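A short write-up of the structure that comes next.
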Amino acid sequence: KACESKREEAKRIGNAAAEDCRGWALLGLGRPKDAVVAFRAALAIDKAFFYSDSGLIAAQQAGLGLYGQAWALLDAGRLDEAAAMFRRAGPELERDKQWLVADGLGWVAYYRKNYDEAEKAFRQVLATTPEAYLSQKGLGNIALERKDFAGAVKALTASLTRSPYQVLASYTVPAAKLLEARQFAEARDILTLGERVYPVSADVQWLLAKALLGLRDETGAAARAVRAATLAPTYIHPVFDQLALPAARARDAYQALGWGLYFAGNHAAALERFDRYVQAGGTDPNARRGRGFTLFRLARYQDAAPELTAAASDEEKKGLAGIEELVSMPGTAQRWPIVYNARSTLAWLYYRTNEPARAETEFRAVLDAHPFWVDALTGLGYTLAAQNKLKDAEQKFRTALQVSPAYPDANRGLATLKTAK
């Protein structure tokens with residue numbers, strides 16, 4: 001819809017961007033024939049709009065049955081069958097797209113490691129069809145295999161600039177090979193292109209961190225490492241220390257990893273990351289309460305109590321918002337969304353350590369500020385029941401159910417009251 005709304009205005013001023021936008025959207029929706037129409041409309045407005053040029057190729061490829069089957073066979077490693085299918089695909093291609101067969105056969109040769117034959121095929125394609133971005137990528141990959149790093153970057157940049165919306169591996173695989181060869185600047189250049197298309201890819205950010213560190217840019221490497229850790233903490237955690245950033249540079253990444261691992265349920269690893277954040281000089285109060293929550297989940301109540309007490313004070317002074325999380329309900333296989341903070345967690349801690357009067361005080365303080373927090377209402381119900389205040393406990397459980405009907409922990413609390421009676 002966003003593309004559609006700008007079509008007439010863009011056409012009036014000779015801008016192909018709106019039609020190009022429609023083409024890529026339609027291609028993503030699995031409508032290659034409609035995408036072809038949109039890309040051709042874009043090129044009718046601006047013949048030099050190369051994004052639409054590459055989009056037209058991609059859309060035409062997507063709409064070809066035998067040609068698509070040939071690529072599926074190639075991806076599966078069935079090279080002889082792929083070669084035969086590319087040849088069979090020839091008759092379904094328009095005259096100006098016959099080069100796709102030669103390009104496909106070039107890729108078959110590449111995967112057979114017959115680089116001379118593959119290079120010859122790709123160069124023949126590009127001689128007549130300069131927009132053949134896959135052939136450009138093929139030349140880049142061959143140059144990489146031959147350790148011609150400058151040639152590889154030149155060819156890959158040409159391919160990725162002409163058709164930026166290629167699969168993520170088109171950026172990350174060559175970059176990883178360049179990093180392995182300690183070609184840090186070249187890897188950075190490829191990944192910088194990838195970052196424009198995949199700004200929230202943890203792989204791109206992580207590899208960029210490695211490239212920048214290799215170029216002795218610790219500030220840039222640290223920034224990318226933090227982004228990678230924030231985007232995919234459980235994925236980055238096992239390899240993060242391989243980066244060997246100085247602790248002060250890695251500090252913010254430690255906190256990002258800590259929170260990510262906490263929400264993923266890997267509490268021991270989360271605690272380690274929060275500890276390293278503190279050891280590196282981190283003072284963010286949000287990290288303190290993250291550490292307190294983690295200690296609580298590990299049932300290390302004696303260690304958790306002072307952290308949560310301090311974090312509760314921080315929440316009030318600094319206006320820290322509650323934590324929203326989907327948590328497992330005790331005694332059930334269900335997960336339920338709740339909101340909690342350091343004070344409500346401290347209240348649960350006192351309940352679990354058989355200090356119901358202290359728990360009641362904390363739960364009531366939470367509910368004074370947040371009267372509809374179902375977790376705190378239910379916790380207060382359990383705390384009152386532990387003090388034999390059964391009518392008051394029942395009322396809190398029922399209030400919780402008014403806020404969140406069928407809330408499992410409140411229903412469980414009511415069931416325990418029936419047993420107690």
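The values are calculated or read from the model by the stated rules, or taken from the named source; none is laboratory data. Source: prediction; values computed, not measured. Cβ sites come from the backbone with ideal geometry, for glycine too, and all protein chains shown count toward neighbours. Ligands, DNA and RNA are stripped out before the accessible areas are found, and what is left, the full protein with its side chains, is counted by its heavy atoms. Shrake-Rupley method; radii C 1.70, N 1.55, O 1.52, S 1.80 Å.
Below are the figures for this structure:
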{"quantity": "q = 0.18, 0.20, 0.21 Å⁻¹, the range 299-421: log10 I(q)/I(0) [Debye, one scatterer per Cα]", "calculated": "-0.94, -1.16, -1.26"}
{"quantity": "Shape metrics for the range 200-306, restricted to C-alpha atoms - Rg then Dmax, Å", "calculated": "13.8, 46"}
{"quantity": "The range 269-315-the range 73-106 distance, computed between alpha-carbon centres (Å)", "calculated": "59 Å"}
{"quantity": "Label-point separation in nm, residue 111 to residue 40, each point 7 Å along Cα→Cβ", "calculated": "3.1 nm"}
{"quantity": "Total formal charge among the other residues, if their Cβ is under 12 angstrom from that of residue 135, Lys/Arg +1 and Asp/Glu -1", "calculated": "+1"}
{"quantity": "Helical segments meeting 24 Å axial Cα length and Kyte-Doolittle 0.0 threshold in the chain (DSSP H)", "calculated": "247-264"}
{"quantity": "Chymotrypsin sites (Phe, Trp or Tyr not before Pro) restricted to the range 44-150 and DSSP loop, no more than 15 other C-beta within 10 Å", "calculated": "none"}
{"quantity": "Sequence-distant residues sharing a close amide H with residue 327 (under 5 Å, placed H)", "calculated": "336, 338"}
{"quantity": "For the range 204-246 versus the range 342-392, the gap between their alpha-carbon centres in whole angstrom", "calculated": "42 Å"}
{"quantity": "Pairs of lysine residues in the range 287-421 - Cα separation under 27 Å, sequence separation of 8 or more or cross-chain", "calculated": "6"}
{"quantity": "Separation of the residue 391 and residue 200 label points, Cα + 7 Å toward Cβ, nm", "calculated": "5.2 nm"}
{"quantity": "Taking the chain and dividing mean pair separation by its residue count, relative contact order in percent (alpha carbons under 8 Å, at least six apart)", "calculated": "5 percent"}
{"quantity": "1.4 Å probe accessible area per residue over the chain, in Å²", "calculated": "49 Å²"}
{"quantity": "Cβ-defined net charge surrounding residue 85, 13 Å radius [Lys, Arg +1; Asp, Glu -1]", "calculated": "-1"}
{"quantity": "Over the chain, equivalent-ellipsoid semi-axes from the Cα gyration tensor in Å", "calculated": "57, 27, 20"}
